[in-house]
Structures are given as structure tokens and as C-alpha cells.
Amino acid sequence: MASQAPRFKEAISERKRVSSPIVLALDVPEPSKNMDKCYRLIDELSPRICAVKFSRWFVLELGIPKVAQMVEKCHEKGLLTIMDCKLNDVGHTNERIAKIYFEAGFDAIIASPFVGWENGLDVIFRVARPSKGVILLAYMSHPGAKDFFEALVEWERRKVPLYVLCAQFAHEKGADGVVVGATRPEKIREIKAKFPDLPIYSPGIGPQGGSAREAIEAGADYLIVGRAIVAASDPSESLERILASLP
Ligand code: XMP
């Protein structure tokens with residue numbers, strides 16, 4: 001019998017053990033003109049990162065075939081790959097989109113919980129399983145996130161903040177993690193305390209004001225870092241500086 005690929009959640013945890021909790025957001029502007037830089041970053045940083053996250057604009061500009069080659073390169077270096085598409089449509093559309101990304105080789109995708117389960121997220125989980133990952137938003141990193149994520153919603157006859165419901169939903173549905181901004185370490189702490197086994201992916205370090213150290217101290221499992229590394233004059237040195245700041 002053919003052996004099955006390890007599930008994303010375990011695979012990235014194992015990779016983190018031998019590298020670091022850093023997920024590189026490969027946000028290289030104008031990637032079609034800067035392919036060399038993208039490949040150089042993957043090459044140079046791979047021993048010290050666990051995964052590479054691709055943004056939607058990056059994939060739109062470069063196109064799926066070239067992105068698929070880059071994903072393959074990440075895999076050759078032992079890295080996991082995450083598609084940050086914040087997927088959020090009805091079932092049959094989600095199915096097409098998820099299949100395109102997974103067939104391009106991505107190991108996980110980020111989805112929005114707001115479409116709900118039936119004929120929404122359920123289809124994404126079905127396409128992803130058994131080995132691919134689904135990560136759900138719980139509290140985004142930008143200032144405006146508070147407009148909705150902190151709204152009190154009625155759930156099982158109680159009023160709870162939307163971000164708690166998002167994390168609860170991710171936990172119940174067996175998601176591979178949630179995104180909680182490093183800009184809000186108190187929310188990371190709260191979600192980690194409620195759902196200790198739910199991995200937390202934390203973006204917003206550096207230019208958005210979040211601290212890598214505070215995010216990890218609060219309970220983040222993975223740090224999503226883009227400009228603080230990619231736009232630095234010496235990306236390796238910046239990465240090492242972030243790692244040296246961790247508890
Ligand atoms: P910087 O340059 O700020 O980039 O380190 C962060 C990367 O992460 C993405 N990002 C998010 N993705 N939920 C997400 O799923 C979020 O709350 C969030 N905040 C930032 C961003 O698109 C960039 O690629």
C-alpha cells in the first residue's frame with residue numbers, strides 16, 4: 001500500500017523543530033521581473049524557516065505555472081507552502097479554487113470562516129483532506145480588523161466576540177490552525193488558553209507594529225514575516241535578528 005503524505009499540521013510542526021517558527025511571506029514586488037530574487041531568498045533562508053506563504057497578488061502576477069515551479073523548489077528544500085487566498089465563496093467555487101491551488105502543489109490554504117460550513121468551508125476541507133491543510137482567520141493583523149472581529153455575536157445563548165467564535169469553529173472543524181495578528185498578543189494569549197492544540201499563525205511583525213518576541217511569549221506557534229525580511233538589505237541577517245529576539 002502506498003504510504004500517505006503526513007498531514008500538514010504534523011509536517012510543518014516537524015519542519016519547525018529542525019528550523020524555526022518563521023513562515024516567510026514571499027512578498028517580492030513585481031515577482032515576474034524578480035524571479036531570481038525569489039529563488040535566492042528560498043535558497044538562502046530555507047535552513048532557518050519552516051514554510052513559505054504566497055500572497056494572492058503574487059500568484060496573480062506570476063501565474064500558476066511559474067508559482068507551481070517555485071512551490072516545487074520550496075519542497076526540494078524541505079519547506080511547506082501556504083497559499084494565502086483567504087478563500088471565501090460558495091461551495092462549488094471554493095472547490096475549483098482549492099483544487100487549482102492544491103494541484104499547483106500548495107500544502108495548505110488560508111480560508112475565511114465567514115462563509116460558514118455547509119456548502120462553504122466543508123467543501124474546502126473535503127478537497128484538502130487527508131493531507132493538505134486549511135488555516136482559518138480568527139483575528140487579522142491590521143487596525144480595521146477590530147471593526148468586525150471584536151463584534152459580540154450570539155452563540156449558544158451567550159454573547160461572544162467574533163474572534164473567539166472563529167477560533168472555536170476552527171477547533172471544532174479540525175482546522176490546521178488559525179491566523180491571529182501579532183499586533184494583538186492579548187488575543188493570541190486568550191485563544192491559546194482556550195484552544196491549546198490549535199496552532200496559531202501570527203502575521204504583522206515589524207512594519208505593522210507587532211513584536212515577534214511578544215507573539216511567541218503570548219503563545220503563537222508560527223510567525224508569518226514578509227517585509228521585515230524580504231525588503232531588508234540583508235534578509236538573512238534580518239531573519240537571524242528576529243530569531244535572536246525570541247524567548
Ligand atoms: P508583512 O510584510 O507585514 O506581511 O510581514 C505579512 C504578510 O501576511 C499577510 N497577512 C495576513 N494574512 N491574515 C492573513 O491571512 C492576516 O491577518 C494577515 N495580515 C497580514 C499579508 O498579506 C502579507 O503577505
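The values are calculated or read from the model by the stated rules, or taken from the named source; none is laboratory data. Small disclaimer: the values here were computed from a predicted structure and weren't measured. Cβ coordinates were reconstructed from backbone atoms using ideal geometry, including for glycine residues, and neighbour counts include every protein chain displayed.
Evaluate region 47-62: report whether one residue or more is β-branched (Val, Ile, Thr) and in contact with a strand residue (DSSP E or B) (Cβ under 6 Å, 6 or more places away or on another chain). So far as region 47-62 goes, yes, one or more of its residues are β-branched (Val, Ile, Thr) and in contact with a strand residue (DSSP E or B) (Cβ under 6 Å, 6 or more places away or on another chain).
For first residues located in region 69-94 and among the charged types (D, E, K, R), partners that are within 16 Å of the ligand (Cβ to nearest atom) and lie 6+ apart or on another chain with Cβ distances below 6 Å form the pairs LYS73/ILE42; ASP84/LYS53; ASP84/SER55; ASP84/ILE110; LYS86/ILE110; LYS86/SER112. Checking each residue in region 117-167 for being among the β-branched types (Val, Ile, Thr) and more than 23 Å from ILE188 (Cβ to Cβ) picks out VAL123, ILE124, VAL127. For region 222-245, state whether one or more residues are loosely packed, with under 13 Cβ neighbours inside 10 Å, over 22 Å from ILE49 (Cβ atoms) and either within 13 Å of the ligand (Cβ to nearest atom) or not aliphatic (A, V, I, L, M) (or both). No, region 222-245 contains no residue that is loosely packed, with under 13 Cβ neighbours inside 10 Å, over 22 Å from ILE49 (Cβ atoms) and either within 13 Å of the ligand (Cβ to nearest atom) or not aliphatic (A, V, I, L, M) (or both). Can you confirm whether GLU217 is at pLDDT 95 or above, within 23 Å of LEU87 (Cα to Cα) and over 17 Å from the mean Cα position of the chain (by Cα)? Answer is no for this residue. Where strands (runs of 3 or more DSSP E) fall entirely within region 107-218, those with at least 2 residues that are in contact with a Phe, Trp or Tyr (Cβ under 9 Å, 6 or more places away or on another chain) and within 13 Å of the ligand (Cβ to nearest atom) are at 108-111, 133-139, 177-180, 200-203. Among the acidic types (Asp, Glu) and touching a residue at least 12 places away in the same chain (Cβ under 8 Å), is that true of GLU150? It is true that GLU150 is among the acidic types (Asp, Glu) and touching a residue at least 12 places away in the same chain (Cβ under 8 Å).
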